[in-house]
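Nothing in this text is a laboratory measurement; each read-out follows from the coordinates by a stated rule. For clarity, every value in this text was computed on a predicted model and none was experimentally measured. Note that we place each Cβ from the backbone using ideal geometry, even for glycine, and neighbour counts take in every protein chain shown.
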Amino acid sequence: MSMNEPSKTTQSSAGPANTSADTKTPTIRLEGVHKTYDLGEIQVHALRGVSMEVYPGEFVAVMGASGSGKSTLMNIVGCLDRPSKGRYFLDGKDVSSLTKNELARIRSQKIGFVFQQFNLLARTSALENVELPTIYSGVPIEEREKRARESLVRVGLADRSGHFPSQLSGGQQQRVAIARALVNNPSLLLADEPTGNLDSRTSVEIMDIFQRLNKEQGLTVVIVTHEPDIAQYAKRAVEFRDGRLKKDILIQDRLIAAEVLPTLPSADEDLVEGIASGNHSPNPGGNGAPH
Ligand SMILES: Nc1ncnc2c1ncn2[C@@H]1O[C@H](COP(=O)(O)OP(=O)(O)O)[C@@H](O)[C@H]1O
Ligand SMILES: [Mg+2]
């Protein structure tokens, strides 16, 4: 599936179109993927022939109404499930018919997965939560804690490593979950409605982390969201309807979370933060530059 050409009005911050796309191996390549859930009496056709590619360094938002097949897609892309029909190539390798164990191994090497509900272990510290995937992936025991600490640094939570999930805000819990997803150094980060349980400022903070990982560390990022505002932080959006891919567009006027955050009211202070220039505020005192 080819991407649309960016129009001349595309901001440079939207990122270049992937001009060398056809010479590179796609990270994700789906060919006629179907998924049918067999419930005995009835069969649910969750995906009805999906073909698409995602290239290294892309940042894709998967959109669509509830029930349109987004999570089913993510579970297949994340090697948590297999297609009923069609093929999935991950980094050029056909993984559609691997066994569960083989899929689990590939998943732990290449993929980080973030969920809407964070899915942290409650009686386990942030550090230990982040460390868990290193056990399954066979990182030597003496390296695990170091790797987990580095991962917490990447999401700005080094100072919360001893906290339990109940002692952290929703946004902090999601950052722990992102650190856990990063601990095995995946090249592909998948997130299914990562901001679905978060307020709007915290959601932008999470998008800031994803944008930095994508830009500074070259991670390929695919997130599910039904919020158009959140999709504006991606580089490309695909929309599903009834198990089919209906739209595939480059994001115009992409938002950069690091630029938006200073314009939002602070979460824990009653400060009215400066309003970004270009946003013509009637309040003469509220035109401070972003800091
Ligand atoms: N494990 C399952 N068993 C049976 N049906 C399922 C299962 N998971 C999802 N479905 C059905 O498949 C369709 C797509 O679901 P899903 O992929 O979760 O959509 P979305 O994430 O877009 O809301 C829905 O009709 C849903 O009810
Ligand atoms: Mg879903």
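Remarks
- The Cβ shell under 14 Å around I111 holds other residues with a net charge of +1, Lys and Arg each +1, Asp and Glu each -1.
- Restricting the range 99-160 to trypsin sites (Lys or Arg not before Pro) in coil, as DSSP defines it, with at most 10 other Cβ within 10 Å: R123
- Summed residue charge, Cβ within 12 Å of L190's Cβ, Lys/Arg positive, Asp/Glu negative: +1
- Spin-label model distance (nm) - R244 vs R105, 7 Å beyond Cα toward Cβ: 3.9 nm
- Entry note, the range 184-254: relative contact order of 29 percent, from Cα contacts under 8 Å with a spacing of 6+ residues.
- FRET E, pair H34, E227, Förster distance 22 Å, beta-carbon r, rounded to 0.05: 0.20
- Spin-label pair A258/S97, simplified geometry with 7 Å Cα→Cβ offset, distance in nm: 4.6 nm
- H163 paired with A65, simple spin-label distance in nm, labels 7 Å along Cα-to-beta-carbon: 3.9 nm
- Counted by neighbouring Cβ atoms within 10 Å, the residues D253, D199 run from fewest to most as D253, D199.
- Restraint check, K215/K247; K24/K246; K24/K146; K24/K70; K93/K246, Cα-Cα greater than 30 Å: K24/K146
- Taking the Cα atoms of the range 26-255, the ratio Rg/Rh between the radius of gyration and the Kirkwood radius comes to 0.96.
- Computed as a quarter of the hull surface, the mean projected area of the alpha carbon convex hull for the range 41-92 stands at 4.5 nm².
- Each of E31, E259, E239 was scored by other Cβ atoms within 10 Å of its Cβ. Listed from fewest to most, they are E259, E31, E239.
- Highest-first arrangement of 228-235, 177-184, where packing means the average Cβ count within 10 Å: 177-184, 228-235
- Rg over Rh [alpha-carbon atoms, Kirkwood Rh] for the range 44-162: 1.01
- Those aspartates and glutamates that a straight Cα-Cα span of less than 14 Å connects to K85, excepting residues fewer than 8 apart in one chain: E31, D38, D94
- Our estimate of slack between N185 and K146, defined as 0.36 nm per intervening residue step minus the Cα-Cα distance, is 12.7 nm.
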